[in-house]
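This is the structure I want to talk about, given as structure tokens.
The values are calculated or read from the model by the stated rules, or taken from the named source; none is laboratory data. Computed from a predicted structure; not experimentally measured. Every residue, glycine as well, gets a Cβ built from its backbone with ideal geometry; the counts of neighbours run over all protein chains shown.
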Amino acid sequence: MKFQKEMTLGEIVSTFPGSEKILKEYDIDYCCGGHRVVREVTSEQNIDVNDLLSKLEAAYEVVMKYGEEKVDWVHAPIDHLVEHILQAHHAFLHSNLGYISELTTKILRVHGEHHPELLEVFQTFHQLKMELEAHLIKEETVQYPAIKKYIETNNLGDLNKAVKVIDELENEHTFAGDCLKQLRKISGNYEVPADGCSTFLKTYEMLELLESNTFTHIHLENNILFGRLKELKQ
Ligand SMILES: [Fe+2]
Ligand SMILES: [Fe+2]
């Protein structure tokens, strides 16, 4: 077992960033309470510790199985694909959009006067952030639960629900992709100017990471997940 009762919450989140989502579901504070031990926290909050540990274990196994190597997502179980997207892409956005917002705000304040392009970076990023946050909510509360339910019950109503939102989600992906392309253009391919500080560098590094993570995310959904859902409907 990877996760033990005697581990601190901080150790769990550092070993496995995808655990944040599960801890939030249990209303466990892993930020300010990161030094606390799982056994104590679960007993205080009346949480079944074994239940929590086995959920963490199962999610971690999926990440390990599909995390690094090239996976044939066209044939892997569709609920594993959904879980992988949540762990590798949604978790990335949930933990980094706020941080990148702080960074783009900070460099606009410090360098905006001499680098007018930073205003456009700030505006385009925040438009993207707002759109992505609403998009994630739609996927996490409507489409993905419908897919999971369909896998469990084979009920066509759930499959139809998941397929019905595809057009909307695809349009939102196009918007996000355009914002990312625009950001690359405005920033001159993320070239940090000679007078840029370390925060400037970090901001552009994070924006580039956001770009590559999101492009893979969109690829997995548009090209694989949505196609497979449509095939299931036939
Ligand atoms: Fe997604
Ligand atoms: Fe999406």
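For LEU136, indicate whether it is among the hydrophobic types (A, V, I, L, M, F, W, C) and closer than 30 Å to THR105 by Cβ.
Criteria met by LEU136.
Residue under question is HIS90, and the condition is that it be within 16 Å of ligand 2 (Cβ to nearest atom), surrounded by 12 or more Cβ atoms within 10 Å (Cβ to Cβ) and in the same structural domain as HIS173 (by TED's automatic domain parsing); does it hold?
Taking the combined requirement at face value, the residue satisfies it.
Then there's this: Just checking, does segment 204-224 include any residue being of a type in the set (D, E, K, R), within 29 Å of ILE78 (Cα to Cα) and within 16 Å of ligand 1 (Cβ to nearest atom)?
Yes: one or more hits.
Of all residues in segment 187-234, count the ones that are in a helix (DSSP H, G or I) and either of a type outside the set (Val, Ile, Thr) or outside the structural domain of GLN87 (by TED's automatic domain parsing) (or both).
The number of residues fulfilling the criteria is 30.
State which residue pairs qualify: first residue more than 16 Å from ligand 1 (Cβ to nearest atom) and inside segment 164-193, second residue modelled with pLDDT of 95 or more and β-branched (Val, Ile, Thr) in any location, beta carbons under 7 Å apart, and separation of 6 or more residues or different chains.
Close Cβ pairs (under 7 Å, with a partner that is modelled with pLDDT of 95 or more and β-branched (Val, Ile, Thr)) amount to GLN182/THR124; LEU183/VAL121; LEU183/THR124; ILE186/VAL121; ILE186/THR124; SER187/VAL121.
Among all residue pairs at least 6 apart or on different chains, which show Cβ distances below 7 Å where the first residue, located in segment 122-142, is within 11 Å of ligand 2 (Cβ to nearest atom) and of a type outside the set (Val, Ile, Thr) and the second is at pLDDT 95 or above and not in a helix (DSSP H, G or I)?
What qualifies is LYS138/VAL165.
Any chance you could count how many residues in segment 57-76 are at pLDDT 85 or above and either assigned to a loop (DSSP other than H, G, I, E, B) or touching a strand residue (DSSP E or B) at 6+ places or on another chain (Cβ under 7 Å) (or both)?
Here the count works out to 4.
Residue check, ASP158 against (1) in a helix (DSSP H, G or I); (2) out of contact with any helix residue (DSSP H, G or I) (no Cβ under 6 Å at 6 or more places or on another chain); (3) without any contact (Cβ under 8 Å) to a residue 24 or more places away in the chain, all met but one. Which one?
All conditions are met except number (2).
Which of the following residues is within 11 Å of ligand 1 (Cβ to nearest atom) and of a type in the set (Gly, Ala, Ser): ALA88, ALA134?
After ruling out the rest, the residue left standing is ALA88.
Identify, from the list ASP167, ASP158, ASP79, the residue that is at pLDDT below 95, over 30 Å from GLY196 (Cα atoms) and either outside the structural domain of PHE226 (by TED's automatic domain parsing) or surrounded by fewer than 19 Cβ atoms within 10 Å (Cβ to Cβ) (or both).
Among ASP167, ASP158, ASP79, only ASP79 is at pLDDT below 95, over 30 Å from GLY196 (Cα atoms) and either outside the structural domain of PHE226 (by TED's automatic domain parsing) or surrounded by fewer than 19 Cβ atoms within 10 Å (Cβ to Cβ) (or both).
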